1. Just to be sure I understand, how many residues within the stretch 162-187 are assigned to a strand (DSSP E or B) and within 30 Å of Gly15 (Cβ to Cβ)?
2. Counting just the residues of the stretch 153-171 that are more than 16 Å from Arg123 (Cα to Cα) and among the aliphatic types (A, V, I, L, M), which one comes out farthest from the chain's Cα centre (by Cα)?
3. If you go through the stretch 60-76 one residue at a time, do you hit one that is part of a strand (DSSP E or B), over 22 Å from Ser163 (Cβ atoms) and more than 11 Å from the chain's Cα centre (by Cα)?
4. Can you name the residue in the stretch 17-46 that is touching a helix residue (DSSP H, G or I) at 6+ places or on another chain (Cβ under 8 Å) and more than 15 Å from Glu171 (Cβ to Cβ) and, of all such residues, is surrounded by the fewest Cβ atoms within 10 Å (Cβ to Cβ)?
5. With respect to Thr63, determine if the residue is more than 18 Å from Val144 (Cβ to Cβ), of a type in the set (S, T, N, Q) and surrounded by 14 or more Cβ atoms within 10 Å (Cβ to Cβ).
6. Exactly one condition in (1) within 17 Å of Arg112 (Cα to Cα); (2) without any contact (Cβ under 8 Å) to a residue 60 or more places away in the chain is false for Asp187; which is it?
7. Just one of the numbered conditions (1) surrounded by fewer than 18 Cβ atoms within 10 Å (Cβ to Cβ); (2) under 24 Å from Asp154 (Cβ atoms) is not true of Val4; which one?
8. Considering only the stretch 66-89, state which residues are surrounded by 14 or more Cβ atoms within 10 Å (Cβ to Cβ) and more than 27 Å from Asp55 (Cβ to Cβ).
Amino acid sequence: MPPVLRVYFGSIPAGCVGVGEGIYDEAGYCGPRWLRPIVRLFAGRGVMFPERGTDVPFVVVNTPRRDDSLHAERDFLFAGAPRRMVDAMSCARTGEIVDRLGRRGGLEVRLRAEADLRGMRMRSVGLAVRLGAARLPLPPVAGVAVTETADHADAVAQRVEVSVRAWLIGELFRYHGSFTYRIQPADGNPVRGVVPPA
């Protein structure tokens with residue numbers, strides 16, 4: 001895997017967060033108009049949203065949790081209507097990644113990851129709804145694909161491409177773009193003990 005991705009997929013030390021900042025070339029809902037009202041319901045839960053735009057600035061903050069999950073908040077900075085997607089990833093005993101989407105983690109996506117010299121690819125292999133402690137598996141009605149690669153135009157940046165597709169409908173949601181990523185103390189000061197001049 002390229003060195004820039006090893007930082008992104010590596011562990012985050014206790015007391016630190018991973019912060020990514022960049023621009024999505026394109027981001028948002030791309031499915032049929034008649035589904036837009038349903039997608040709007042998911043927006044408040046931090047899953048996906050009905051907006052769509054190009055050249056969308058974004059910030060992602062990855063925070064390790066005590067339960068060994070990685071909590072992520074992605075802010076899509078649309079002009080006049082910023083949106084946030086929330087998820088928490090953990091590793092299953094099977095080696096798959098379990099991604100619980102939304103503020104309450106109500107939608108579960110199981111992902112199979114493959115890394116090579118070019119980057120990381122993840123494909124969904126299962127879906128479920130979580131209601132409290134209950135887990136209800138869903139039929140394979142939708143799929144998620146994620147690709148992370150080094151950005152050949154910028155040695156310190158990486159590219160991400162995410163696509164959500166639904167059976168019989170096609171692509172519903174996507175975002176792709178370039179960003180830089182760093183590990184920093186959770187208090188926001190990138191260098192501990194150094195106070196910027198007044």
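1. Counting residues in the stretch 162-187 that are assigned to a strand (DSSP E or B) and within 30 Å of Gly15 (Cβ to Cβ) gives 11.
2. Leu168
3. Looking through the stretch 60-76, at least one residue is part of a strand (DSSP E or B), over 22 Å from Ser163 (Cβ atoms) and more than 11 Å from the chain's Cα centre (by Cα).
4. Gly20
5. Working: more than 18 Å from Val144 (Cβ to Cβ): yes; of a type in the set (S, T, N, Q): yes; surrounded by 14 or more Cβ atoms within 10 Å (Cβ to Cβ): yes.
In short, yes.
6. So the condition that Asp187 fails would be (1).
7. Unmet for Val4, out of (1) surrounded by fewer than 18 Cβ atoms within 10 Å (Cβ to Cβ); (2) under 24 Å from Asp154 (Cβ atoms): (1).
8. Within the stretch 66-89, Ser69, Leu70, His71, Ala88, Met89 meet the criteria.
The values are calculated or read from the model by the stated rules, or taken from the named source; none is laboratory data. In this text the structure is predicted, and so the values were computed from the model without any measurement. We place every Cβ from the backbone using ideal geometry, glycine too, and count neighbours over all the protein chains shown.
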